[in-house]
Amino acid sequence: MTTLLHIDSSTQGADSVTRALTAHAVERLADGATTVERLDLVADPIPHLLGRPEDNRWVRQFMAADTIVIGAPTYNFTVPTQLKAWFDRIALAGTTFRYGDNGPEGLVGDKRVIVAIASGGNYEDGSAFEHNKSYVQAFFQFLGVEPRIVAARGVALSPTAKAEAIAAARAEIDQLAAALEPVRA
């Protein structure tokens, strides 16, 4: 049996684009032999880090998962503080990364990480205001994982722009799910 960890960090509830996209991804990726664990960082917030992180349930849950699907809405150009608190917990020296003679080395290895990003504005890669995708990508690469990122940009521009961005992101998730091996033991 395999495990899929579904993480949400949007405060928008039922109106959340990232919650809708991650639910779609989980539906497409999980099969009858997959255990799906859900972590809602808004309903069950993680205390912000004080001092050095320790071995904790979030690290164990992350390391045990084969696939991680994360909703990362863009709040003030970057990830919500709830998701940042989770990142702070799972970046654990000696467990998920280490420092060696050639700098940091990711220890996480073979995990599938799929991140659904949504932004009200249209902050393309390279924009001075785009700090969500670049941060998420750098964070997981630091841990030794190449995340797959699906972005729905410009969802606050108009109802048409929102519908088009969501449809394009769902289509990208469908293509990604079709290209990936099924999540099975």
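The values are calculated or read from the model by the stated rules, or taken from the named source; none is laboratory data. These numbers were taken from a predicted model, which means no experiment stands behind them. Here Cβ is always computed from backbone atoms with ideal geometry, including for glycine, and neighbour counts include all displayed protein chains.
Determine if region 149-171 includes at least one residue that is out of contact with any strand residue (DSSP E or B) (no Cβ under 9 Å at 6 or more places or on another chain), closer than 25 Å to residue 108 by Cβ and not aromatic (Phe, Trp, Tyr). No, every residue in region 149-171 fails to be out of contact with any strand residue (DSSP E or B) (no Cβ under 9 Å at 6 or more places or on another chain), closer than 25 Å to residue 108 by Cβ and not aromatic (Phe, Trp, Tyr). If we keep just the residues of region 23-36 that are part of a loop (DSSP other than H, G, I, E, B) and either within 21 Å of residue 94 (Cα to Cα) or out of contact with any Leu (no Cβ under 8 Å at 6 or more places or on another chain) (or both), which is modelled with the highest pLDDT? Among residues in region 23-36 that are part of a loop (DSSP other than H, G, I, E, B) and either within 21 Å of residue 94 (Cα to Cα) or out of contact with any Leu (no Cβ under 8 Å at 6 or more places or on another chain) (or both), the one modelled with the highest pLDDT is 31. If the condition is being over 13 Å from residue 118 (Cβ atoms) and either buried (at least 16 other Cβ atoms within 10 Å of the Cβ) or in contact with a Lys or Arg (Cβ under 8 Å, 6 or more places away or on another chain) (or both), then region 143-177 contributes 143, 144, 145, 147, 148, 174, 176, 177.
Only residues that are within 15 Å of residue 43 (Cα to Cα) and within 13 Å of the chain's Cα centre (by Cα) were counted in region 73-83, giving 3. Whether any residue in region 37-57 is hydrophobic (A, V, I, L, M, F, W, C), part of a helix (DSSP H, G or I) and in contact (Cβ under 8 Å) with a residue 24 or more places away in the chain is what I want to check. Looking through region 37-57, none of the residues is hydrophobic (A, V, I, L, M, F, W, C), part of a helix (DSSP H, G or I) and in contact (Cβ under 8 Å) with a residue 24 or more places away in the chain. Note on region 71-185: enclosed helices (runs of 4 or more DSSP H) holding 2 or more residues that are of a type in the set (Val, Ile, Thr) and at negative phi are 81-90, 159-179.
Take the residues in region 58-70 that are outside any helix (DSSP H, G or I) and among the aliphatic types (A, V, I, L, M), then tell me which one is nearest to the chain's Cα centre (by Cα). Going through the qualifying residues, I end up with 70. Output the residues belonging to region 57-77 that are more than 26 Å from residue 131 (Cβ to Cβ) and either surrounded by fewer than 14 Cβ atoms within 10 Å (Cβ to Cβ) or aromatic (Phe, Trp, Tyr) (or both). Once the filter is applied, which keeps residues that are more than 26 Å from residue 131 (Cβ to Cβ) and either surrounded by fewer than 14 Cβ atoms within 10 Å (Cβ to Cβ) or aromatic (Phe, Trp, Tyr) (or both), region 57-77 yields 57, 60, 64. Being modelled with pLDDT under 90 and aliphatic (A, V, I, L, M) is the filter; apply it to region 1-22 and report the residue that is nearest to residue 84 (Cα to Cα). Residue satisfying both the conditions and the ranking: 14. The set of residues from region 6-22 being not aliphatic (A, V, I, L, M) and not in a helix (DSSP H, G or I) comprises 6, 8, 9, 10, 11, 12, 16. Taken over region 137-166, the residue count meeting the criterion of being within 14 Å of residue 21 (Cβ to Cβ), out of contact with any helix residue (DSSP H, G or I) (no Cβ under 8 Å at 6 or more places or on another chain) and modelled with pLDDT under 95 is 0.
Of everything in region 107-138 that is under 25 Å from residue 12 (Cα atoms) and β-branched (Val, Ile, Thr), the residue that is surrounded by the most Cβ atoms within 10 Å (Cβ to Cβ) is 115.
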